[in-house]
Amino acid sequence: ISTATKLANRSFSNCMMNAAGVWCMDEAELTAIDDSAAGTFVTKSGTLVSRPGNPEPRYYETALGSINSMGLPNHGIDYYLDVVAAFQKKNPGKTYFLSCTGFSIEQDQTLLRKIKDSEFNGIVELNLSCPNVPGKPQIGYDFETVDQILAAVFAEYDGPLGVKLPPYFDLVHFDQMAVILNKYPLAYINSINSIGNGLYIDDEKEEVVIKPKNGFGGIGGEYVKPTALANVHAFYQRLKPEIQIIGTGGITSGRDVFEHILCGASMVQVGTELAKEGPQVFERLTKELQDIMAAKGYTTLADFRGKLRHQD
Ligand code: RRO
């Protein structure tokens with residue numbers, strides 16, 4: 001029973017990987033994912049200049065998930081290009097993902113130019129959905145700007161590139177975003193980033209649990225699975241078939257991976273549960289998915305990918 005997959009014409013031994021932001025800040029963390037049962041890794045979103053991020057505490061684990069307001073701490077795009085180049089040399093057959101994000105269209109273009117001029121031969125994930133930089137609205141909710149960014153990015157870059165999207169909550173927004181995304185040669189979309197600006201409270205202390213932004217932060221984990229599945233399936237129904245889907249959100253078991261793939265995902269990413277369990281999570285999730293596939297008589301992901309049934 002195989003959990004292998006293909007994305008952007010590259011092969012991966014396993015459909016599961018980390019979600020950007022979790023266990024991917026530096027070379028040591030990326031090595032742990034590289035050595036795990038995950039099919040590959042994605043780096044923390046790199047910016048043109050390194051950033052310390054927001055004040056701590058900025059991540060908090062709850063019974064049903066997590067809340068974060070990291071504020072895009074990262075070592076800068078040059079660091080991640082160097083680190084990934086070393087992994088490419090060590091494992092020439094393996095495809096890695098590099099996440100990046102700019103604060104303007106010009107910065108996005110500069111990032112892509114740097115990547116183009118580097119040795120990087122993997123897949124770029126442009127993050128359009130960071131919810132936690134004070135004063136900076138989420139790009140993914142500004143449809144006109146998304147269109148402009150994609151036009152600028154594809155004028156600059158012709159390698160495989162996908163976008164990380166925020167969750168959408170209205171069917172009209174899925175329609176409108178799909179029209180924009182379908183104009184471009186995207187390799188994939190990744191749904192969803194955290195549900196932005198939730199608020200988790202410690203009732204005992206009558207206090208918020210993270211310091212930045214008065215405690216408001218991106219929600220991940222079990223809370224977000226139905227929203228994640230809705231976004232994966234809505235885009236699966238609306239995007240041209242060349243644009244594949246990475247499903248992210250609420251994966252704590254092999255059953256959750258199964259559901260993301262049934263909704264149309266070609267690959268899945270694990271954030272909150274990876275932070276909780278560490279990189280061994282991928283071995284457990286893989287075994288659990290294989291058990292479900294065996295019970296249903298499936299031998300490959302293609303046997304059920306996107307085959308969610310509707311009731312009419
Ligand atoms: O660093 C963060 O605060 C962060 C980012 Br860039 C993101 O894309 N999603 C998130 O939940 N946190």
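Within the bounds of segment 23-40, is there any residue that is among the hydroxyl-bearing types (Ser, Thr, Tyr), touching a helix residue (DSSP H, G or I) at 6+ places or on another chain (Cβ under 6 Å), surrounded by 16 or more Cβ atoms within 10 Å (Cβ to Cβ) and closer than 19 Å to residue 134 by Cα? Lay out the reasoning, then the answer.
Initial filter on segment 23-40 (among the hydroxyl-bearing types (Ser, Thr, Tyr)): 31, 36, 40.
Filter once more, so that each one left must be touching a helix residue (DSSP H, G or I) at 6+ places or on another chain (Cβ under 6 Å): 36.
Restricting the remaining residues to those that are surrounded by 16 or more Cβ atoms within 10 Å (Cβ to Cβ) gives 36.
This time we only want the ones that are closer than 19 Å to residue 134 by Cα, so: none.
Checked segment 23-40: no residue is among the hydroxyl-bearing types (Ser, Thr, Tyr), touching a helix residue (DSSP H, G or I) at 6+ places or on another chain (Cβ under 6 Å), surrounded by 16 or more Cβ atoms within 10 Å (Cβ to Cβ) and closer than 19 Å to residue 134 by Cα.
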Original post:
Within the set of pairs 6+ apart or on separate chains, which have a first residue in segment 216-244 that is among the charged types (D, E, K, R), a second that is open to solvent by 40 Å² or more (accessible area, probe 1.4 Å), and C-beta atoms under 7 Å apart?
Top reply: 222/64; 238/175; 240/182
Original post:
Has segment 132-152 got any residue that is open to solvent by less than 20 Å² (accessible area, probe 1.4 Å), more than 24 Å from residue 237 (Cα to Cα), more than 16 Å from the ligand (Cβ to nearest atom) and assigned to a helix (DSSP H, G or I)?
Top reply: yes
**OP:** Could you check segment 221-312 for helices (runs of 4 or more DSSP H) lying wholly inside it with 2 or more residues that are among the aromatic types (Phe, Trp, Tyr) and at positive phi?
**Re:** none
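Kindly evaluate residue 133 against the criterion of being more than 20 Å from residue 250 (Cα to Cα) and modelled with pLDDT under 95. So that I can check it myself, show each step before the final result.
Working: more than 20 Å from residue 250 (Cα to Cα): yes; modelled with pLDDT under 95: yes.
For residue 133, the condition - more than 20 Å from residue 250 (Cα to Cα) and modelled with pLDDT under 95 - is met.
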**OP:** Report yes if residue 76 is more than 16 Å from the ligand (Cβ to nearest atom) and open to solvent by less than 30 Å² (accessible area, probe 1.4 Å), otherwise no.
**Re:** no
**OP:** Go over the candidates 199, 171, 186 one by one and state the one that is open to solvent by less than 20 Å² (accessible area, probe 1.4 Å) and touching a helix residue (DSSP H, G or I) at 6+ places or on another chain (Cβ under 8 Å).
**Re:** 186
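In segment 41-52, which residues are open to solvent by 10 Å² or more (accessible area, probe 1.4 Å) and within 12 Å of the ligand (Cβ to nearest atom)?
Filtering segment 41-52 down to residues open to solvent by 10 Å² or more (accessible area, probe 1.4 Å) leaves 44, 48-52.
Result: 44, 51, 52.
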**OP:** Scan segment 146-166 residue by residue and report those that are more than 17 Å from the chain's Cα centre (by Cα), under 21 Å from residue 10 (Cβ atoms) and among the small types (Gly, Ala, Ser).
**Re:** 159
Subject >> Hits in segment 58-73 - residues which are in contact (Cβ under 8 Å) with a residue 24 or more places away in the chain, more than 13 Å from the ligand (Cβ to nearest atom) and either open to solvent by 70 Å² or more (accessible area, probe 1.4 Å) or not β-branched (Val, Ile, Thr) (or both) >> reply: 61, 64
**OP:** Output the residues belonging to segment 159-168 that are touching a helix residue (DSSP H, G or I) at 6+ places or on another chain (Cβ under 8 Å), over 19 Å from residue 218 (Cβ atoms) and of a type outside the set (A, V, I, L, M).
**Re:** 159
Original post:
Restricting attention to segment 79-115, and to residues there that are in contact with a Phe, Trp or Tyr (Cβ under 9 Å, 6 or more places away or on another chain) and among the polar types (S, T, N, Q), which single residue is farthest from the ligand (Cβ to nearest atom)?
Top reply: 88
Original post:
Residues in segment 210-246 that are over 22 Å from residue 176 (Cβ atoms) and open to solvent by 20 Å² or more (accessible area, probe 1.4 Å): how many?
Top reply: 8
Original post:
What pairs can you find where one residue is in segment 122-149 and free of Cβ contacts under 8 Å to residues at least 40 places away in the same chain, the other is of a type outside the set (A, V, I, L, M, F, W, C) and outside any loop (DSSP other than H, G, I, E, B), and their Cβ atoms are less than 6 Å apart, with a gap of 6+ or different chains?
Top reply: 128/140; 139/145; 143/176
Subject >> Filtered residue count, segment 170-220, keeping only those that are part of a loop (DSSP other than H, G, I, E, B), farther than 30 Å from residue 9 by Cβ and away from the ligand (no atom under 16 Å from the Cβ) >> reply: 5
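The values are calculated or read from the model by the stated rules, or taken from the named source; none is laboratory data. In this text the structure is predicted, and so the values were computed from the model without any measurement. Neighbour counts are summed over all protein chains in view; Cβ atoms, including those assigned to glycine, are modelled from backbone coordinates with ideal geometry. Please note that ligands, DNA and RNA were not included when accessible areas were found on the heavy atoms of the full protein model with its side chains. Shrake-Rupley method; radii C 1.70, N 1.55, O 1.52, S 1.80 Å.
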